[in-house]
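Okay, structure first, notes after.
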Amino acid sequence: MTPELASTLQRVYPDGTTSSLNADALKDEVRDELIRLILESVSSQCGLCWGFDLFDKPAYDIHLTQVDHPAFDEWICKMSDAAKIKWIQQHEEPYPVLWLRISRVANFYYLYYNHWVPSEDTGHLEADFRRAPNEKWKKNRKILEASLMDRGFVYFSQEMAVERTPLVKEQDFDSIPDDDPRWENDDFEPPFVDATLHECFFSE
């Protein structure tokens, strides 16, 4: 880890724990404008729509969908499951979403897809995170990643995600079994361990 990155982590997590996130340290108008310009350019080239929330989190969750498909908010909030299934059947394809996560702590990003598909014969849908994208979406991703990297954003690999840093601590909830009797004690707190870089850069 570079001295600059170490200094950034200490500024964002001033007491050295993930619970001490300093929202003011995440603000960067230059970076935000750059992200907007990248998304507008890529969306124009690829025929995409995009949107993201602006809450004080260490990373932006940005969704990209096809401009000729239902808008993401309409799909999630307004369309019934029956209408979604009918759309999928008519188009003979899932409803694809490319998720772009950009850290506000440092200029790291990663991407993943989910494809909305019918959940067997339940009349409901599920987001399939394992389905491979079609050729159109593979091309879209290449264009998006090239634009991000050209402007200084760095891909956040799985190897980086699991790396731990002594600069920031997180509580190790996963190490305590659900049936551990210590949970019955209101004062019980899991031990602190070195936080993963994913927790520092991306987790809420």
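Values for this structure:
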| item | result |
| --- | --- |
| The listed residue being within 15 Å of the chain's Cα centre (by Cα), of a type in the set (D, E, K, R) and exposed (fewer than 12 other Cβ atoms within 10 Å of the Cβ), out of D53, D68, D61 | D53 |
| Condition met for Y113 (surrounded by fewer than 17 Cβ atoms within 10 Å (Cβ to Cβ) and touching an Asp or Glu at 6+ places or on another chain (Cβ under 9 Å)) | no |
| Candidates L9, L39, L21 - the one that is under 17 Å from W137 (Cα atoms) and either surrounded by 18 or more Cβ atoms within 10 Å (Cβ to Cβ) or modelled with pLDDT of 95 or more (or both) | L39 |
| Pair list, Cβ under 6 Å, 6 or more apart: the stretch 193-204 residue part of a strand (DSSP E or B), other residue surrounded by fewer than 24 Cβ atoms within 10 Å (Cβ to Cβ) and among the small types (G, A, S) | none |
| Residues (in contact (Cβ under 8 Å) with a residue 24 or more places away in the chain and surrounded by fewer than 18 Cβ atoms within 10 Å (Cβ to Cβ)) located in the stretch 71-83 | F72, D81, A82 |
| Matching residues, the stretch 53-70, being touching a residue at least 24 places away in the same chain (Cβ under 8 Å), under 20 Å from L144 (Cβ atoms) and out of contact with any Cys (no Cβ under 6 Å at 6 or more places or on another chain) | A59, Y60, D61, I62, H63, L64, Q66, H69 |
| Pair list, Cβ under 7 Å, 6 or more apart: the stretch 120-133 residue over 25 Å from L100 (Cα atoms) and of a type outside the set (D, E, K, R), other residue at pLDDT 90 or above and surrounded by 13 or more Cβ atoms within 10 Å (Cβ to Cβ) | G123/D81; H124/D81 |
| Cβ-Cβ under 8 Å pairs, at least 6 apart or on other chains, the stretch 135-155 side under 19 Å from Y60 (Cα atoms), far side part of a helix (DSSP H, G or I) and among the acidic types (D, E) | Y155/E145 |
| Members of the stretch 151-175 that are within 22 Å of S7 (Cβ to Cβ) and acidic (D, E) | E163, E170 |
| Within the stretch 135-178, tally of residues that are assigned to a helix (DSSP H, G or I), surrounded by 11 or more Cβ atoms within 10 Å (Cβ to Cβ) and among the acidic types (D, E) | 1 |
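The values are calculated or read from the model by the stated rules, or taken from the named source; none is laboratory data. Note that this is a predicted model, so its numbers are computed, not measured. Every residue, glycine as well, gets a Cβ built from its backbone with ideal geometry; the counts of neighbours run over all protein chains shown.
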